[in-house]
Amino acid sequence: MRERSKPAFTHEDVVKMSSTIEDLFDQIGNIFVQSLEPAPNSQASIEERQFPEPELVRDVYYRAYQSIEAAADHLVGFSSLLAAPAKTFAPFTCVRGLLESCAIAAWFLDPTVDVRTRVGRCYAFRYTGFVEQMKRAQAKNSKAELDSAKKRMTEVATKAQSLGYPIKRKDDGTISGIGEGWSGITNLIELTIQKGVAYRFLSAIAHGHHWATYTSSYRLVEVSNSKGITEKRLEKYVNSDLMYDLGNVAVTSMARVWWYFWKAYGWNSNELAAVLERTYADLKYKPELRFWHG
C-alpha cells in the first residue's frame, strides 16, 4: 500500500468506490452458476476423472469455493464499513481477512499445477486445521475434543499416505505435516496474489501496533486545552487516499480468485471478463492490472 505526500483521492472517490464494489458483487451474482457444477470438459471435471479418488478432487474445489465465499463476504463488509459514518480501523482488518481467504483459494485453484499437487495442497492445509483444533481443545481443557482432532488427523494422514503423499513426523512420532509443504499464510499471500507487503501492514493494524494504527487511522491536529494552550493530539481520521489503495488490494485479489474458479469450472469467462472490465474502468485501475488480457 502506497504512501503519498498528499491525498490523490477525495471522500467522494471513496463513496464511488464503495458503490462500485457493491455493483461488482451484484454483477457476479447475476452470472454465477448456482449449481456449482463444473462443465463436462472443464479442468475440474477432467481432474476428477484423472485422480484415483475423485471425491478428493471435488473436496479441493469445494474448499476453494468456501474460501471464495468468505473473501466475498469480507469484500462486502469492507464496502459497508465505508458508509457514513465510515469506520477508521475495521476496513483494514476486514481486507486482511479477505487476503487470507483469497490466498488459500488461489493456492487450491492454481492453474499451473496438476491434480496430484492440488490434492496435496489441500492435505497440507487440512493439517494446519487439525493443529488449530487441537490448540483450541487444549485452551478449553477439553480432552474429548483433543482426542477427536488427533484421531481425525491420523485418519486423514493414513489416507494421504496410501495415495503416496509424504507424512512428516517429529522425533516422538507425532505428525508434523501432511502432503505438500505449507509455508505459512504470509508467504502464501505473496506467492499466490502478490499482496505480502500489504498483508504485513494490515496484520500490524490487526495486532494493535501503534505505529500502524497511527499511520492508517489518525491524523495530528492542534487543539486548545482547558488552559488555552495549543496542543497537538491524534484524531481518528478516514484517509481517503489510503482507503482507495485498500480497495484496490481487495478488488484485485478477489478478481483473481473469481477468475481462477470460473476457468477451472469451465464457466463463461467472457461474462466474467466483461464484469471485471467495467469495474476496473469505473475504478480507474491501470491497464496492467487487467490480468485477464494476458
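The values are calculated or read from the model by the stated rules, or taken from the named source; none is laboratory data. All values reported here derive from a predicted model rather than from experimental measurement. All Cβ positions, glycine included, derive from the backbone under ideal geometry; neighbour counts span all protein chains shown.
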**Asked** Taking Asp172 and the conditions (1) touching a helix residue (DSSP H, G or I) at 6+ places or on another chain (Cβ under 8 Å); (2) outside any strand (DSSP E or B), which numbered condition does it fall short on, given that it satisfies the others?
**Response** (1)
**Message:** Return the residues of segment 86-100 that are among the β-branched types (Val, Ile, Thr) and not in a helix (DSSP H, G or I); say none if nothing qualifies.
**Reply:** Thr88
**Request:** Output the number of the condition that Gln138 fails; it satisfies all remaining conditions of (1) surrounded by 17 or more Cβ atoms within 10 Å (Cβ to Cβ); (2) of a type outside the set (Lys, Arg); (3) within 17 Å of Thr174 (Cβ to Cβ).
**Result:** (1)
**Message:** Go through (1) over 13 Å from the mean Cα position of the chain (by Cα); (2) modelled with pLDDT of 95 or more for Asp73 and report which single condition fails.
**Reply:** (1)
**Item:** Qualifying residues in segment 88-110 (those that are farther than 30 Å from Glu53 by Cβ and among the β-branched types (Val, Ile, Thr)) - the one farthest from the chain's Cα centre (by Cα)
**Value:** Thr88
**Item:** Filter result for Val113 (under 22 Å from the mean Cα position of the chain (by Cα) and outside any helix (DSSP H, G or I))
**Value:** yes
**Message:** Given the condition in a loop (DSSP other than H, G, I, E, B), in contact (Cβ under 8 Å) with a residue 24 or more places away in the chain and not β-branched (Val, Ile, Thr), answer yes or no: does some residue in segment 200-213 qualify?
**Reply:** no
**Prompt:** Does Glu235 count as touching a strand residue (DSSP E or B) at 6+ places or on another chain (Cβ under 9 Å), of a type in the set (D, E, K, R) and without any contact (Cβ under 8 Å) to a residue 60 or more places away in the chain?
**Reply:** yes
**Prompt:** Name the pairs whose Cβ atoms lie under 8 Å apart, with the first residue in segment 56-72 and on the phi > 0 side of the Ramachandran plot, the second among the polar types (S, T, N, Q) and surrounded by fewer than 20 Cβ atoms within 10 Å (Cβ to Cβ), and 6 or more positions between them or separate chains?
**Reply:** none
**Request:** Could you check Tyr123 against (1) touching a strand residue (DSSP E or B) at 6+ places or on another chain (Cβ under 7 Å); (2) outside any helix (DSSP H, G or I) and say which number it fails?
**Result:** (2)
**Prompt:** Failed condition for Ala255, given (1) surrounded by 13 or more Cβ atoms within 10 Å (Cβ to Cβ); (2) touching a residue at least 40 places away in the same chain (Cβ under 8 Å), with all others met?
**Reply:** (2)
